[in-house]
Each structure stands twice: as structure tokens, then as C-alpha cells.
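The values are calculated or read from the model by the stated rules, or taken from the named source; none is laboratory data. Not measured: the values here are computed from a predicted model. Here Cβ is always computed from backbone atoms with ideal geometry, including for glycine, and neighbour counts include all displayed protein chains. Quick note on the areas: whole protein, heavy atoms, side chains included, nothing else; ligands and nucleic acids left out. Shrake-Rupley method; radii C 1.70, N 1.55, O 1.52, S 1.80 Å.
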Amino acid sequence: MKRNAVSRKLVLLALFVVGLTGVLGAQSLLGSGASFPAPAYTKMFDEYYKATGVKVNYQSIGSSGGLKNIQDRVVDFGGSDSFIKDADFSKYPAQVVHIPTVIGAVVVTYNLPGNPKLRLTGDVVADIYLGKITKWNDKAVAELNPNVKLPNLAIMPVYRSDGSGTTFNFTAYLSAVSAEWKSKVGNANSVSWPAGQGAAQNAGVAGVVKQTQGSVGYVELAYANQNSMAVAAIKNSSGMWVDPSLESISAAAAGAFPADTRILLVNTDAKEGYPISALTWIIVYREQNYGNRSREQADQLAKLLWWMIHDGQKYVTSLDYATLPAPALKAAEAIIKSITYDGQPLVK
Amino acid sequence: MNDRRFNALLGFAALVIVFIFAGFLFTLVVQSLPAVKQEGAAFLYGSEWNPVTTHFGALPFIIGTLMTSAIALVIAIPLSLSAGIVMGEYVNSSWIRSILNTLINVLASIPSVVFGLWGIEVVIPLIRKLAMLVGAPPYGAGILSASLVLAIMIIPYMSSMTREALMNVPAGLREGAFALGLTKQEVVTGIALPFAKNSIFAGILLSLGRALGETMAVTMLIGNATRIPTSLFSLGNTLASVIASQFNEAASDVHRSAMMGLALILLVITMLAGWFGRSLMSKGMGAYGK
Amino acid sequence: MENNVFAGQYRGRKRKDIFFRIAVMVPAGIVIALLFLILAQVVVNGAKSLNFDFFFQQQKPFGEIGGGIVQAIVGTLMLLATAIVIALPFSLLAALYLYEHKGSKRANGLLSVVNTLQGIPSIVIGVVIYSWVVVPMKTFSALSGGIALSIVMLPLMISMIKESLEMVPASYVEAALALGAPRWRVIVEIVLPAAGSGILEATGLGIARAAGETAPLLFTAFGNPFLSLNFKGPISALPLVIYEYIKSPYDDWHQKAWGAALLLVVFVLSLNLFIGTRKKR
């Protein structure tokens, strides 16, 4: 009897130790950056953990944060939906590469009584964020939406308080369509906003818009859809009113891709294309033997990247991200194959 | 082990503490140099914080910090002084006093992030309604929301310091006054409060130090706009909140360096408030000795 | 006649007295009411999310309902353990230094450094520890978060331990010294045990103070959706989870933020109250 209890305790202890080493021994990777693809990434990494036991910790802190973290070499990979400009490569201690992962849409979402469906042009959106259009029933908005009864409500623009690739793509689009925006505010990950409230990450902007009647914000489509928030149809360069959707994003991404995949998709000339579509990337060092990184860690990372652009893709469409089109996939494969450890390619 | 080694060990620990503090100053000064070099004195009074043009002036955040803290003080002082006077002068039963004490301690120990959570879910909707009433943009977030929650957060410190200051008033003074037939109010406002005023003022300054450096609740409630706030309903940023929302990134090296500069300004401002507070506090104690 | 004047004056003074009483009681009542309001909201909203999964499941991907915050509960415990392991010995030794050199110039200098450290905004601690630990270690980690929290704890613990050392009757020390024991042994074997409960209280309050800190963890512990027991890797914590969840647009996460807030408040309050009642005894 007594011995039985003792042995039971021993078995429990053994189980505990095994469990502990299981948790301790589990391999892990750390990434940080763009919040634009965070719903897709966290979903992918959850599936990846179930399939392989590897825990990929992705912290959604904004693209600028991800770039800074990879530059400081404090993460395994950075996430960004603004690519690194040629002039900025010198800020990195070694050569970095961009691996495209998914394609999404920056949508204009708003909180109005009755959740009406709105149509907006880039010009009007720019004027709202410039602080020139301040009421929802302003003539400029009303003219575009003759069938909607717009309330006499202050418009409260919400923008990103952190440096953001979503902001980059959004302001790239506004700069392309509004000369005033281009000269007054410009196009960058963080800009000096003439009007509105700041919120952290895509989740933060979506959170504020969801809670604030009269507000308008720009977030990735997944955040709006997950929270049943209204999104505007935007007039594209071909003069078509386009709703952000899997199809219209894919249409915007149907063109050619450069070998290093560094391309903006905004203001597409595809007829059915959504005008604020964006590619998002994972940024890693081409040579993985730096600091005290082990070969195992580098292998783990390469395996994850390969999985993300192949098997991982099947988890993103249900969240309304578009998968990589064939030319982008081909370019991504070549880039992953170029990643090395001590000069030896990690994926053959 | 012997006494000499033992003393050396203590001395080592003392040195480590001093080095931590010196290291903080050193790190912040060195790392903020690039931004200070680029901006010069304009780093302090420049009103533009623009990562695109890489111009960094801290004025909007200095104003935001001073504004929120000042409004928080205006709200907190009457409430805390009253609570302190009630606890120090009006409660005679020791168990009621200890219950009140415990309650104030409870309020003091609620984490900042929980106040932020409460502010987002409770204060912001209220302020939004208020803003609509007065015709201000109904963001809800902003200077007023942040200041209100900040006020609630410093009330426990201020009121317990007021209570302690009042309890340090010599019993003889008070008894003599009562014996002369003075009313409670006359004793409190005429004798106890003037006697304790240095310590009470010190308590206010120390609470101000806390308000200036408070980060999470303010970050969650102030609306994170890098403009100079112009009204109670304006959105803004404090030194602490802008660091919390922008530090983990940097559009450029100067941007990161400017953030370190903000941390340095914040450290200096809070240190000044603390030093004044503590020196007043010891003056207050000095009066007690007389 | 004269009597009447005095009576009138007295009535006026009495009235003023009553007015003053009301004028201080009402705001004091508001303070107490606010406290109850906040606590009640934390308890009522937080209790809704407490269930088995909340305590034992990891975080779900963005926007998926369910899961829990086990990673944050374990993370907070690991961070606090790391912090106290660092803070306790240093605060003990530094407090002993203040005790041994009481009144000396150096001790006064150290004391004012300790007081100044106590006033350093916690966000500044986070920023500096990022430069000191995260960048050289080349990763965010539980360790760096623990170090940041230990700096939050240090000044509070030093001054509390110093006070409890000073409460030890001098006669104990003198008696032991008179018996010819070396000073360090008197300290270790007589003073420290006599101040033991005070040291324990300081430890408890240090933990309570650090448990709710968020700002020092943003750039150090960093966060983690998975349960991790690795001190050299990033880790989640209750305050980090509250901050991330309440910002998000997801109702389920808002719910969980309240739950995490309840856990945190209960933990901090029980430490505080436990120590408060101990102290009174």
C-alpha cells in the first residue's frame, strides 16, 4: 500500500520531468514586426506548432519595430510590409533578404450608425486624413454615396502611432492619388499626421474604430472581417469601384514580380484590382551564421520559411489573405534557397 | 569570512546600487547625444516630432506631460486632502481607521495597466458623452481621460501622506486648542494644517513625481497624437507614453536617439520633483523637532 | 446682551464646523466609492472569464475564440522569481551597508541614490535594460525582464529592510559583541534573524510592486503566445497580456483582459493584505 503510493508519486514525478523537458526542449523561433499579416502568421504558427512541435513566437509590434529588431539582431526574423529601400541596406550589419509570404488589403473601415456601405475615392480619404473633411455628411462624401443617409457626425480619423508598413502602403496610395497629401504629409512608415488619433498596431486601430462612433481607420482586411466592421469600396485607377476581397487583392497582385520581390502593389492598373493591396515580407539575414546562432537554429528557420510559402498558404485564404501568385512563389523559393549557413545553402 | 571581507561585501553591494543609477544617467546621456547634436537646444523647445523629415522636438510631449500631471493634481488635491483630513482628524475608532488605511493601500496597489483597462472601458465612454455635450470632437481618449485616471492613481499616495503629516502634529498643540474651546474645524484649519503644510506639500510633490512618470494607463488613454494639446479634449502624448508606443522601432538612428533623449528629460523632471519633495519633507520633520 | 453676542458667534462657528466636516467627508466618500467601483468592476467582469481553459490553455491565434493565458501566468511567476533572486541579496547587502554605516556621509549618499532610484519612471528602466541586456544577449528574454523588475524592487526593498534592521534592539548586538563575537557573525546570526519577518515582508511587498509592472517588460520580456520555461527566451506576463488584449478589437480578448486583471489584482492584494495583517501583530 505504502509502496504503491510511493511508486505512484515517482511515476508522477517522472511524468512531470518528461513534460518539463518536453516544454524546455521544444524548439522555438522568434519573430517580430508587421501587424498587417499577424492574423495569418499566428494562425500559421499555431498549425506549425501542432504539426512540428516548433513554437514560433511572433510579436505583432509594427513593421518598423520588426525592421529595427532584425537590424539589432535580437530576433530570428522580422516581419514588414514595407520593403527596405536601397539606401537603407547599409544600416544592416549584413545582407538581408525579403521573403514574400501573403498578400492583403489595407481597407478603410469606419463606425457609423446603421453600418452603411460607403464608396470612397483616394482623394476623399486623403482629405479626411488631412483634416479638410471633418463631417460625415460633407458634400464630398455625400456625392459619392447618394443612396446613403449620412449623419451629421464628426469624422475622427484613427492612424498608427507606431511605425507601420500598413501606414507605408496607405500613405503610398494617398501620395499617388493626392498631390496635396504627397507634398504635405508624404509616404513613410511613420508620418506626421495633421489630424486624428493614434493607436498601436492594426489591432489597436481596429479596436479604437470598433469602439468609437464616427471614427475611420485603415487596417488589414482580416481585422475588419473578424470583427464584422464596415469597409469602404475604393475607386481604382481604372475608375472601377472595388471592394477589398480575396479576388480583388489577387487581381492587384497578378502582374510581374522582380527577382527580389520588392514591389509595391498600391494603385494597381489591374481593372478588377483593389487599389490598396500590399505584399508582406519576412526579413532574414542571408548568411545565418552570425552571433552565436547554431546550424540547428538556421535549419529550423529555413524549414519554417519554406513551409510558410508552401503548406502554410492553405491557412490564409479563410482569413481573406491572398496566397502568393506563381511568379512571386517562384521568386520566394529562389530567395530561400539563397539563404546559407557558413556559405552552405540550407534548402536545396 | 572576517569583518573586513564582510564590510567589503557590503561596500560592493552599495557600489552596485550607485553604479546602476550612474549607469542609467550615462546610458541615457550617451545614447541621446546624436539627437541632441542634430537638434541642439531645439530638441527641448521644438514643436515638431516628425520621423519623415527626421526632426525631433520634445515640446509636444513635455507640454502633454505637464498638462496631464497638472490637471491630475487639480483633481486629486481636494479629494486627497479631504480623505487625509478625515483619516487623520475625524476618525477616532482605531478599527475604522485601519479599514480606511487598508482601502487606501488597496487602491495604491492596483497595477497601472489595470487602471488603463478600467479607463478604456469606463472612463473613455463617459468622456465621449461629455465631449459630445460640449461640442468637442468625441474621441473619448485624450488629455482629460488620462488626467482623470492619473488623478485616481495618485490619490492614495497623497491622502496617506496627508494623513501621516497630520498625525505628526504634536498632541499637546491640539489638546491645548480644544481646551481653549476651539471647534474641530478651527483646530484643523488653524493649527494642524499650517503645522503640517510642509509635509503635505512634500506629499503633493512626490505624488506629482509619480504622475509625471506614469506610463501604461496614460499610454492607453491619451490618444497618442504627436501634436501640442490645446484643450482638455485634445489628444496628446506624454514623454512616457511616446516612449512606450515608439521605442521598439526607429525610422532612423536619430529617431531612436531622440527617444533616449525623451527618457532623459523624463528622468530629470521626475528626479527634480522627487528631490524638492524630499527636501521639503525633511524640512517638515524639522518643524516637528522644534 | 454680551451673552447673546457670544451665543451668536458660537452658532456661526458651530455652523462653520459642520460645513467643514461635510466638505471633507463628501470628497473622502467619493474616493472610497471610486475604489469600490473599480474593484467591483474588476471582480464582476473578470470573474466571467475564469474557467478551466483560461488557466490551463495557451493563447489562440488572432481572432479565434477560446484558449487561455497559462503562458502569462507561468511567465509572471518566472519573471518574479528571477527578479527576487537578484533583488533580495543586493537589497539585503545594501541595507546592511546603510545599517552599518548609519549617519555617515557615504550612507547618506547611498540613501539619496536609493530614494532617487525609487522615483525613476518604470518605462525608463525598460529602455535602459533593453540597451544593457537585450542588445548584448541578442534576444528578448525572461532574464532581461526579471532584471528590469529587480530594479523596480530594489529601492523599495532596501529601505524596508533597512527599517526592519534598525528596529532590532541595540542591546542584542551589544550583548553579542561583549561576548567577543566578530561583528559579521553578530549581524548574520543575531541581527538578520531578528529582522527576519521584516525582510520577509519587504520581499513580499517587492514582489507585489513588481507583479503589476508593464512598462519595464515591453522591451525586455517582450511577450510570447506559447508557454515557455526558457529563461533565455521571450516570455509572456499577465500585465503584457492585459495591455495587448484590451487594445485589440476582439471581444474575447477584452473578456480575457479583465480576467487577467482580476488574477493580477487578487495576487497583489493578497500579498499586500497578508503583509499588512502580519505587520500589525
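Limited to the range C:45-73, what total is found for residues that are over 14 Å from C:LEU263 (Cβ atoms) and polar (S, T, N, Q)?
3
Could you identify the single residue in C:ALA47, C:ALA28 that is touching a Phe, Trp or Tyr at 6+ places or on another chain (Cβ under 9 Å), over 30 Å from C:ASP252 (Cα atoms) and among the aliphatic types (A, V, I, L, M)?
Working: C:ALA47 fails: over 30 Å from C:ASP252 (Cα atoms).
That would be C:ALA28, the only listed residue that is touching a Phe, Trp or Tyr at 6+ places or on another chain (Cβ under 9 Å), over 30 Å from C:ASP252 (Cα atoms) and among the aliphatic types (A, V, I, L, M).
Before we move on, is A:SER90 of a type in the set (S, T, N, Q), within 12 Å of another protein chain (Cβ to nearest Cβ) and crowded, with 22+ Cβ neighbours inside 10 Å?
Details: of a type in the set (S, T, N, Q): yes; within 12 Å of another protein chain (Cβ to nearest Cβ): yes; crowded, with 22+ Cβ neighbours inside 10 Å: no.
Criteria not met by A:SER90.
Only one residue in C:ARG278, C:ARG209 is farther than 19 Å from C:GLY146 by Cα and of a type in the set (Lys, Arg), so which one is that? Lay out the reasoning, then the answer.
Details: C:ARG209 fails: farther than 19 Å from C:GLY146 by Cα.
Being farther than 19 Å from C:GLY146 by Cα and of a type in the set (Lys, Arg) holds for just one of C:ARG278, C:ARG209, which is C:ARG278.
Consider B:TYR90 against the criteria (1) without any contact (Cβ under 8 Å) to a residue 60 or more places away in the chain; (2) more than 22 Å from the chain's Cα centre (by Cα); (3) at the interface with chain C (Cβ under 8 Å from one of its Cβ atoms): it satisfies all of them except one. Which criterion is unmet?
Evaluating B:TYR90 over (1) without any contact (Cβ under 8 Å) to a residue 60 or more places away in the chain; (2) more than 22 Å from the chain's Cα centre (by Cα); (3) at the interface with chain C (Cβ under 8 Å from one of its Cβ atoms) leaves (1) as the failure.
Tell me which residues, restricted to the range C:155-164, are open to solvent by less than 10 Å² (accessible area, probe 1.4 Å) and among the aliphatic types (A, V, I, L, M).
Selection gives C:MET157, C:ILE158, C:ILE161.
Kindly indicate the residue of the range C:21-61 that is among the charged types (D, E, K, R) and more than 9 Å from every other protein chain (Cβ to nearest Cβ) and also least open to solvent (accessible area, probe 1.4 Å) among those meeting that condition. Can you show your working first?
Narrowing the range C:21-61 to residues among the charged types (D, E, K, R): C:21, C:48, C:53, C:60.
Checking the rest, the ones that are also more than 9 Å from every other protein chain (Cβ to nearest Cβ) come to C:48, C:53.
Details: C:LYS48: 133, C:ASP53: 70 Å².
Residue satisfying both the conditions and the ranking: C:ASP53.
State which residue is farthest from A:VAL54 (Cα to Cα) when the search covers only the range C:232-266 and only residues that are open to solvent by 20 Å² or more (accessible area, probe 1.4 Å) and more than 10 Å from every other protein chain (Cβ to nearest Cβ).
Selected residue: C:VAL266.
Just to check your reading of the model, which residue among B:SER159, B:SER98 is in a helix (DSSP H, G or I) and surrounded by 21 or more Cβ atoms within 10 Å (Cβ to Cβ)?
Values: B:SER98 fails: surrounded by 21 or more Cβ atoms within 10 Å (Cβ to Cβ).
Being in a helix (DSSP H, G or I) and surrounded by 21 or more Cβ atoms within 10 Å (Cβ to Cβ) holds for just one of B:SER159, B:SER98, which is B:SER159.
State yes or no: is C:PHE274 surrounded by fewer than 24 Cβ atoms within 10 Å (Cβ to Cβ), under 17 Å from the mean Cα position of the chain (by Cα) and either in a helix (DSSP H, G or I) or at the interface with another protein chain (Cβ under 7 Å from one of its Cβ atoms) (or both)? Steps first, answer last, please.
Working: surrounded by fewer than 24 Cβ atoms within 10 Å (Cβ to Cβ): yes; under 17 Å from the mean Cα position of the chain (by Cα): yes; either in a helix (DSSP H, G or I) or at the interface with another protein chain (Cβ under 7 Å from one of its Cβ atoms) (or both): yes.
Here the answer is yes, as C:PHE274 does meet what is asked.
In the range C:178-222, how many are open to solvent by less than 50 Å² (accessible area, probe 1.4 Å) and closer than 25 Å to B:VAL218 by Cβ?
Residues that pass the stated criteria total 17.
What single numbered condition from (1) more than 28 Å from A:VAL148 (Cα to Cα); (2) under 16 Å from the mean Cα position of the chain (by Cα); (3) hydrophobic (A, V, I, L, M, F, W, C); (4) at pLDDT 95 or above fails to hold for A:ALA251?
A:ALA251 satisfies all of (1) more than 28 Å from A:VAL148 (Cα to Cα); (2) under 16 Å from the mean Cα position of the chain (by Cα); (3) hydrophobic (A, V, I, L, M, F, W, C); (4) at pLDDT 95 or above except (2).
Taking into account only those residues within the range A:128-180 that are basic (Lys, Arg) and more than 13 Å from chain B (Cβ to nearest Cβ), which is least open to solvent (accessible area, probe 1.4 Å)? Even if it seems obvious, please write down each step before you answer.
Just the residues of the range A:128-180 that are basic (Lys, Arg), to begin with: A:132, A:135, A:139, A:149, A:160.
If we keep only those that are more than 13 Å from chain B (Cβ to nearest Cβ) as well, we get A:132, A:139, A:149.
Details: A:LYS132: 112, A:LYS139: 147, A:LYS149: 189 Å².
By that ranking, first place goes to A:LYS132.
When the residues of the range A:181-198 are filtered to those that are surrounded by fewer than 19 Cβ atoms within 10 Å (Cβ to Cβ) and facing chain B (nearest Cβ under 8 Å), which remaining residue is farthest from B:GLU249 (Cα to Cα)?
Initially, the range A:181-198 is screened for residues surrounded by fewer than 19 Cβ atoms within 10 Å (Cβ to Cβ), giving A:182-184, A:186, A:192, A:194.
So of that shortlist, the ones also facing chain B (nearest Cβ under 8 Å) come out as A:186, A:192.
Values: A:GLY186: 19, A:SER192: 16 Å.
Looking at the filtered set, the residue picked out is A:GLY186.
Suppose we filter B:ALA76, B:ALA35, B:ALA70 for residues that are surrounded by fewer than 20 Cβ atoms within 10 Å (Cβ to Cβ), in a helix (DSSP H, G or I) and not hydroxyl-bearing (Ser, Thr, Tyr); which single one remains?
When all the criteria are applied, what remains is B:ALA70.
Being open to solvent by 20 Å² or more (accessible area, probe 1.4 Å), assigned to a helix (DSSP H, G or I) and either out of contact with any strand residue (DSSP E or B) (no Cβ under 7 Å at 6 or more places or on another chain) or more than 8 Å from every other protein chain (Cβ to nearest Cβ) (or both) is the filter here, so list the residues in the range A:37-67 that pass it.
Passing the criteria: A:LYS43, A:ASP46, A:GLU47, A:LYS50, A:ALA51, A:THR52.
Scan the range C:92-102 and give yes if some residue there is more than 30 Å from B:ASN101 (Cβ to Cβ), part of a helix (DSSP H, G or I) and either in contact with a strand residue (DSSP E or B) (Cβ under 8 Å, 6 or more places away or on another chain) or not assigned by TED's automatic domain parsing to the domain that holds C:PHE222 (or both), otherwise no.
Looking through the range C:92-102, none of the residues is more than 30 Å from B:ASN101 (Cβ to Cβ), part of a helix (DSSP H, G or I) and either in contact with a strand residue (DSSP E or B) (Cβ under 8 Å, 6 or more places away or on another chain) or not assigned by TED's automatic domain parsing to the domain that holds C:PHE222 (or both).
With the condition kept exactly as written, say whether any residue in the range C:85-95 is touching a residue at least 12 places away in the same chain (Cβ under 8 Å), surrounded by fewer than 24 Cβ atoms within 10 Å (Cβ to Cβ) and over 23 Å from C:GLY145 (Cβ atoms).
Looking for residues that are touching a residue at least 12 places away in the same chain (Cβ under 8 Å), surrounded by fewer than 24 Cβ atoms within 10 Å (Cβ to Cβ) and over 23 Å from C:GLY145 (Cβ atoms), one finds none in the range C:85-95, hence no.
When the residues of the range B:237-290 are filtered to those that are part of a loop (DSSP other than H, G, I, E, B) and modelled with pLDDT of 95 or more, which remaining residue is nearest to the other protein chains (Cβ to nearest Cβ)? I'd like the intermediate steps shown before the answer.
Within the range B:237-290, the first condition is being part of a loop (DSSP other than H, G, I, E, B), and the residues that meet it are B:237-238, B:247-252, B:290.
Those left that are additionally modelled with pLDDT of 95 or more: B:237-238.
Details: B:ASN237: 8, B:THR238: 10 Å.
So the residue we want is B:ASN237.
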